[in-house]
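Worksheet for the structure shown next.
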Amino acid sequence: MALQSSGAIKLSEIQTEFGGSNPISLSEYYAADVGVPASGEISIADFYGTSSALNVTVTQAIYTSGTSSIYYGYFINGSVSPTSIFGYDIIYIYRRYSTSTTDSAFWLYLDGASVPSNLFTSIQVQTSSGFAELLASSASTSQLSTARYWTWTEADFASTADYNNFITEWDGTGDVIVKVYA
């Protein structure tokens, strides 16, 4: 999981989070996470709150399906980078808004006939106030013939505020980050 957000961080803690060799050198961790420099001066303070999670950038778009659903994120249009999670291609990653129930849910679809349900332990979705953690174990998941999907509803968010901040951020415009933890 992520390194602490304040206090002293040891070089060994950075190595535990990101791997690396001995002797430990900060230069082996350039661009290790968002906010850590890719070159030049680097300091231990650059590692506050960082993690070895796979960061997926979703360039959002909006897709409307008839009168029943609106998709915000990567669904039919939009884009993702990288395009796979732990070896499985991302088919969709989005917030689905149901016009009939006025509820939103977070969905992730990965390509493959046998994607393991325990491929990851948790994800963090960007919200308007930071990130909200969603546990893989709390998702509804199903293996289809050529893909597996996971979905999380309001009840899976830690708080109503996290859920509402997720809705605010996933509005179909701009980039959002999803952090995936093995």
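The values are calculated or read from the model by the stated rules, or taken from the named source; none is laboratory data. All figures in this text were calculated on a predicted structure; none of them were measured in a lab. Here the Cβ is made from the backbone with ideal geometry for all residues, glycine too, and neighbour counts use every protein chain on show.
Somewhere in the range 139-162, is a residue in contact with a helix residue (DSSP H, G or I) (Cβ under 6 Å, 6 or more places away or on another chain), of a type in the set (S, T, N, Q) and part of a helix (DSSP H, G or I)?
No, every residue in the range 139-162 fails to be in contact with a helix residue (DSSP H, G or I) (Cβ under 6 Å, 6 or more places away or on another chain), of a type in the set (S, T, N, Q) and part of a helix (DSSP H, G or I).
List the pairs whose first member sits in the range 138-151 and is farther than 10 Å from residue 110 by Cβ and in contact (Cβ under 8 Å) with a residue 60 or more places away in the chain, whose second member is in a loop (DSSP other than H, G, I, E, B) and of a type outside the set (Asp, Glu), and whose Cβ atoms are under 7 Å apart, counting only residues at least 6 apart or on separate chains?
Between residues of the range 138-151 that are farther than 10 Å from residue 110 by Cβ and in contact (Cβ under 8 Å) with a residue 60 or more places away in the chain and residues that are in a loop (DSSP other than H, G, I, E, B) and of a type outside the set (Asp, Glu), there is no close pair.
Assess whether residue 53 counts as being within 24 Å of residue 6 (Cα to Cα) and under 13 Å from the mean Cα position of the chain (by Cα).
Yes: the conditions hold for residue 53.
Under 8 Å by Cβ, and 6 or more places apart or on different chains, what pairs join a residue from the range 74-102 that is farther than 21 Å from residue 146 by Cβ with one that is exposed (fewer than 15 other Cβ atoms within 10 Å of the Cβ) and at pLDDT below 95?
So the pair list comes out as 98/68; 99/67; 99/68; 100/68.
Condition (residue is within 16 Å of residue 175 (Cβ to Cβ), outside any strand (DSSP E or B), in the same structural domain as residue 157 (by TED's automatic domain parsing) and out of contact with any Lys or Arg (no Cβ under 7 Å at 6 or more places or on another chain)) applied to the range 98-115: is it met by at least one residue?
Checked against the condition, which is being within 16 Å of residue 175 (Cβ to Cβ), outside any strand (DSSP E or B), in the same structural domain as residue 157 (by TED's automatic domain parsing) and out of contact with any Lys or Arg (no Cβ under 7 Å at 6 or more places or on another chain), the range 98-115 yields no hits at all.
If I go through the range 106-133 residue by residue, how many of them are crowded, with 16+ Cβ neighbours inside 10 Å and either among the small types (Gly, Ala, Ser) or in contact with a Gly (Cβ under 8 Å, 6 or more places away or on another chain) (or both)?
Of the residues in the range 106-133, 3 are crowded, with 16+ Cβ neighbours inside 10 Å and either among the small types (Gly, Ala, Ser) or in contact with a Gly (Cβ under 8 Å, 6 or more places away or on another chain) (or both).
Can you find, within the range 1-39, the residue that is surrounded by the fewest Cβ atoms within 10 Å (Cβ to Cβ) among those that are without any contact (Cβ under 8 Å) to a residue 12 or more places away in the chain and under 12 Å from residue 50 (Cβ atoms)?
Taking the candidates together, the pick is 31.
Could you name every one of the strands (runs of 3 or more DSSP E) located completely within the range 1-90 that has at least 3 residues being in contact with a Pro (Cβ under 9 Å, 6 or more places away or on another chain)?
Per the criteria, 54-59.
Filter the range 47-66 down to residues that are β-branched (Val, Ile, Thr) and either surrounded by fewer than 17 Cβ atoms within 10 Å (Cβ to Cβ) or touching a Lys or Arg at 6+ places or on another chain (Cβ under 6 Å) (or both), then give me how many there are.
So the answer is 3.
Consider residue 42 carefully, then state whether it is without any contact (Cβ under 8 Å) to a residue 60 or more places away in the chain, crowded, with 17+ Cβ neighbours inside 10 Å, of a type in the set (A, V, I, L, M, F, W, C) and not assigned by TED's automatic domain parsing to the domain that holds residue 155.
So residue 42 fits the description; yes.
Here is a check on your reading of the model: is residue 139 in contact with a Leu (Cβ under 9 Å, 6 or more places away or on another chain), surrounded by fewer than 16 Cβ atoms within 10 Å (Cβ to Cβ) and within 27 Å of residue 52 (Cβ to Cβ)?
Spelling it out, it is not the case that residue 139 is in contact with a Leu (Cβ under 9 Å, 6 or more places away or on another chain), surrounded by fewer than 16 Cβ atoms within 10 Å (Cβ to Cβ) and within 27 Å of residue 52 (Cβ to Cβ).
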